[in-house]
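The structure appears below as structure tokens.
The values are calculated or read from the model by the stated rules, or taken from the named source; none is laboratory data. Note that this is a predicted model, so its numbers are computed, not measured. Note that each Cβ is placed from the backbone with ideal geometry, even for glycine, and that neighbours are counted across all protein chains shown.
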Amino acid sequence: MDKRGVSRSMFLVGEIVGAAIIAVLLISNAMQWASTERPHKEYLAKDIALSIDSVFASPGNIIVNYTGNLANYSVDLTADSVKVYKEPNDGITRKFVPSENVEVNGITLKKKQNIFFKKTGNEIFMDDSAHANLNILSCDKLDEKKEKLKNKKILIDPGYGEDNIEESTKICNIGNSLISNIIIEGFDPLNILSTIKFDVGEPKSLYCEAISKSGAPNDADVIISFKAGEYDNEKNNIKAFIISGSKKEKESRALACKIINSIINNKRLNSINIDGISIVPVDLETTNENFPKYIFLKDEEKFEDFKTFDFDKTFVLLEIGNIESEQGSLLLERVSELGNSIAKGLIDYEK
């Protein structure tokens with residue numbers, strides 16, 4: 001072999017050796033990258049799962065800003081686990097300890113710089129916004145065999161006591177909005193009763209032009225009463241009064257909770273400032289408040305004869321803000337939104 005052939009052979013060998021070295025380096029770098037990528041995903045998945053555990057354990061409502069860098073990763077949240085990945089088939093999943101009293105809302109967030117975990121009421125959320133309404137109440141769960149409201153007679157009371165039967169047109173129309181919304185959802189119009197007279201004709205609606213008393217039907221199973229609060233201050237609170245010691249106190253509390261949360265969660269009411277919310281058990285036998293006692297009495301019955309422990313109706317009196325405050329006045333203007341929210345509370349109670 002001449003010198004040129006030897007030189008070419010040596011060149012080819014050099015190319016092969018060089019290519020082999022490059023391949024080894026590439027494989028080595030890939031393995032090194034993989035060895036650092038997987039532990040990082042494992043760390044993120046475990047850290048997020050622990051963060052959710054801490055949210056479960058936190059009392060009341062809470063927002064947690066997760067500070068781990070997830071800008072290059074997607075995160076799947078399910079009812080009992082979290083998955084971190086760049087591609088769906090390369091994910092790392094870690095479990096957290098769920099609670100039977102708190103529901104986790106499943107969601108996927110893709111490559112978000114910031115994520116937030118929120119517990120409001122009895123639900124946990126994950127999203128990329130810090131906004132959450134921390135006024136949300138935690139509602140008691142009732143037995144799955146609870147009686148459906150759609151099968152019950154529902155008394156709508158937009159008046160407030162015999163001496164105040166000339167209730168405002170706004171309150172009356174909130175009642176109409178409530179009625180129309182629950183009828184759309186399948187509630188039987190024949191099961192909807194009221195303490196004020198209905199308009200003539202269809203669809204079923206209250207006569208708000210000249211409000212007059214119809215009498216309180218005593219065979220109703222559920223009573224929804226509402227009014228505007230009147231307080232000499234600027235505090236704009238929403239309260240739900242229930243009857244303490246009644247046979248349906250637990251059901252009343254659950255329904256009140258659902259109604260209040262529905263109002264608080266209504267995004268169309270976000271511009272209204274609500275200072276506080278509460279569910280207030282009332283002892284009817286001792287209260288001196290202007291309470292709609294006429295609802296509870298049978299014909300010719302005196303209130304002194306009323307016994308709380310015999311009261312077997314689900315009852316919620318919703319006090320909608322403070323009419324003496326600027327924000328309360330604005331809230332009462334939102335007739336359709338309030339009626340829709342109260343209706344949604346009744347519908348959510350069914351679930």
If you go through Phe96, Phe116, the only one that is under 23 Å from the mean Cα position of the chain (by Cα) and more than 30 Å from Ser271 (Cβ to Cβ) is Phe96
The lone exception for Asn261 - which of (1) farther than 18 Å from Leu317 by Cα; (2) crowded, with 22+ Cβ neighbours inside 10 Å it fails: (1)
Please work out which one of (1) modelled with pLDDT of 90 or more; (2) touching a strand residue (DSSP E or B) at 6+ places or on another chain (Cβ under 8 Å); (3) not aromatic (Phe, Trp, Tyr) is the condition Ser244 fails and give its number. (1)
Among the residues of segment 39-79, the number that are assigned to a loop (DSSP other than H, G, I, E, B) and under 14 Å from Asp128 (Cα atoms) is 6
Exactly one of (1) over 21 Å from Ile179 (Cα atoms); (2) surrounded by fewer than 20 Cβ atoms within 10 Å (Cβ to Cβ); (3) not charged (D, E, K, R) is unmet by Tyr207. Its number? (1)
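For (1) among the hydroxyl-bearing types (Ser, Thr, Tyr); (2) surrounded by fewer than 16 Cβ atoms within 10 Å (Cβ to Cβ), each residue gets a yes or a no:
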{"residue": "Ser51", "(1), (2)": "yes, no"}
{"residue": "Ser54", "(1), (2)": "yes, yes"}
{"residue": "Ser58", "(1), (2)": "yes, yes"}
{"residue": "Asn89", "(1), (2)": "no, yes"}
{"residue": "Ser99", "(1), (2)": "yes, yes"}
{"residue": "Lys111", "(1), (2)": "no, yes"}
